[in-house]
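Notes follow once the structure below has been shown.
Read the figures in this text as sums done on the coordinates, not as results from a lab. Predicted, not measured: the structure shown is a model, and the values here were computed from it. Cβ atoms come from the backbone with ideal geometry, glycine included; neighbour counts cover every protein chain shown.
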Amino acid sequence: MTGEQIVFLVVAFVTLFAGLMVVTTRNLVHAALWLVAALFGVAVTYVILHANFLAVVQVVVYIGAIAILFIFAVMLTRRDMRDQGPQMNKNWWFGAVLAVLTFGGLYFLLQGWEGMTKTATSYPVGFDAISELGNALVSPAGYVLPFEVASVLLVAALVGAVYVAFNPRNGNSGK
Amino acid sequence: MVPLSWYLIFAAALFSIGMFGVLSRRNAVAILLGIELMLNSVNINLAAFWRYGDVHLMAGQVFAIIVFAVAAAEVAVGLALVISVYRSRRTVVADEIDMMKW
Amino acid sequence: MSFWNDPLKVAADWLLGVFTAWGMPELAANILIGFLGVLILISILMVLDIGLVWVERKVVARFQDRIGPNRLGPFGLIQPFADIIKLMIKEDITPAGADKVVYNIAPMLSMMSVLILWAVVPLAPTILGVDLNIGVLYIIAAGAIGTLSIIMAGWSSNNKYALIGAFRQVAVMISFEVPMLATLLIPTILAGSMGTAAIVEGQDIWYVLLAPLGALIFLVAAIAELGRAPFDLAEGESELVSGYNIEYSGMKFGMFYAGELLHAFTFGGFWAILFFGGYRFFGLEKVSPFLAIAVLLFKAFIGYWLIMWVRYTLLRIRIDHMLAFNWKFLTPLAFTLIMVTALMNALLSGTSTWLYVTGMFLSNVLVAWGALEIARSYSRRERERIEGKRIVEAGH
């Protein structure tokens, strides 16, 4: 077992544990903080995969923006900061069964696929994945159209979120 | 080296955990948390396929970046909806948001 | 290759020789040497941090026409050590209603978010933690962890003032990350790389001459990110007592405080690295790496001094004014500036150096002038509207 494998296993187990805590913790702020831990684990996984740009973007976007947004939303949607009542709906066992079945099914499907045991070719020395990625994102032969559509989607989401969450009664008349 | 299968099984497990969260939590914000886990597991797969395929083909990373954008948009709109519902109904429990039932 | 030309490599090679002679496998020895390097860097930073306490207190005193600490030791130099002893022997309180784990993790994260920034600081041509090819984004990522630590501190303290302070601070930090990221892209465009080392190497002409407005916006965004005056509404003493760290005492508070000081110094350093040539100063960096470090520290101190100057001169701004300033003025301005910089860079890159520098400089001045004109006409209209309203009200 190499060092990389040990690191991967540790990160994977920490991430999965954090993920389990996200879906089972009663306290929602804790759930959001566990989500941060899980997302950080995913970022480390990207580093192991040599996808440095994705790792940093993961930290910036998910931990810096999305997780903070979640924490804000949790705090804004509770009159007092405690949790009342059950956190699971009454069909939670059905969800659990379905989740286990999904994992089993995916595992079974993947076992039958011949590319499953593939090992990576060694990472090319001096390969600049970031400029390659940048070129791919903006070149017409690459992915400029999906990239532009994604930015339009973001603007639409921004406008939509402001519109939906805007409260005309005590909105920013400001005077 | 880590074999590809480890990444895929890891991602599958994370996906299942996220799905459990989506299916079983009552709080709408917690359901969104589960969706985030599912999106992340997909991203792990995309990055792993990029690394284990030809690293000069950037499709995996590009797709992962688009997923980031979609996740950000989804969270922004989703949480705005949750806050809006909370304002009018004083609840974020998904079972109790049932105005469209009748 | 002597010690004076490349101290880091010589030391690492020597240590590797020692460790392998002890029978340690090479990989383990390399990992150990990496850890030792991090430990030494962090230790130096913490010692520097103690010095910063003294510098800050002395400089504040000068700005406020006082003398500052002057009792302990020459020029009060022993004062920060006394401060530390005081912080250490203070009772370490965890409030009864606090969320204990989160409450105790928050100060560590706060300190960590500053220390990890130094991994990408190029101290000298050969002395650099990691030559990350995404160094510029890494700065923002570290800031994200700082944001998280503040919200954790504010929430877990179980105190209304702490929570409101944290909300305000996080709102400010998230908002000002946008213009900051935008201005970080300007050195990226000019150097053609996101790595901090490449950005310093690319500054044959300091980028402050090519993008003076970018440097200014970066400084404003950095001050906001630090939560210092005039952006210190998170700790507005008059209404919030002290902000997100109100419940912290002893060394836990000390970690927030030290983290804030070091953060300010670090941003002074990044300002120097991104816009003022980092360790470069008319070829001095080629003489010796130690001289290069001295140059960088000197420039960082100038940036830090500027941040302090702003802090102790300007008044606190109200939160809605500040967010409006960010979203309606600074962010559009930063984005315009990126576009103009990219365009001018592409147009002028083949021409002579003089034309290039003047063109870039003038385009920056033009953008700044245009932005100020728009802001002035807007404020004139706003003033007329309010004054006109007041006259109508008085008439009734």
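Observations
- Note on C:151-162: average number of Cβ atoms from other chains within 10 Å of each residue's Cβ is 2.
- Rg and Dmax of the protein assembly as shown, both derived from C-alpha coordinates alone, stand at 26.4, 93 Å.
- Per-q log10 I(q)/I(0), the stretch A:92-175, q = 0.25 Å⁻¹ (Debye; single scatterer per alpha-carbon; no solvent): -1.08
- Neighbour cut-off at most 14 other Cβ (10 Å), DSSP loop, trypsin sites (Lys or Arg not before Pro), the stretch B:60-102: B:90
- Chain A: Cα Rg divided by the 2.2 N^0.38 Å rule of thumb: 1.35
- Estimated FRET transfer efficiency (residue C:32, residue A:125; beta-carbon r; R0 25 Å; 0.05): 0.50
- Normalised contact order of the stretch C:1-89, rounded percent, pairs of Cα under 8 Å and 6 or more residues apart: 14
- If R0 is taken as 41 Å, the Cβ-Cβ distance between residue C:61 and residue C:372 corresponds to a FRET efficiency of 0.75.
- Two-decimal ratio, the stretch A:1-58, of alpha-carbon radius of gyration to 2.2 N^0.38 Å: 1.21
- Using a Gaussian network model of chain A in which every pair of alpha carbons under 10 angstrom is joined by a spring, one finds that among A:56, A:159, A:100 the greatest mean-square fluctuation is at A:159.
- For C:170-183, mean number of other protein chain Cβ atoms within 10 Å: 1
- Averaged over A:4-13, number of beta-carbon atoms from partner chains that fall within 10 Å: 3
- Two-decimal log10 I(q)/I(0) for the stretch C:1-89, as the Debye equation yields it once each C-alpha is a single scatterer, q = 0.21 Å⁻¹: -0.95
- Reported to the nearest whole Å, the Cα centre-to-centre distance from the stretch B:23-102 to the stretch C:20-55 is 41.
- Oblate is the label for chain C, because the ratio a/c of its alpha-carbon gyration tensor axes (a ≥ b ≥ c) is 1.5 or higher and a/b is not greater than b/c.
- Span-like helix ranges in chain C, DSSP H, alpha carbon extent 30 angstrom or more, Kyte mean at least 1.6: C:26-63, C:135-156, C:289-311
- Folded to 0 to 90 degrees: helix B:59-89 orientation relative to chain B principal axis, Cα: 10
- Overall Cα dimensions of chain B - principal axes, largest extent first, Å: 53, 23, 21
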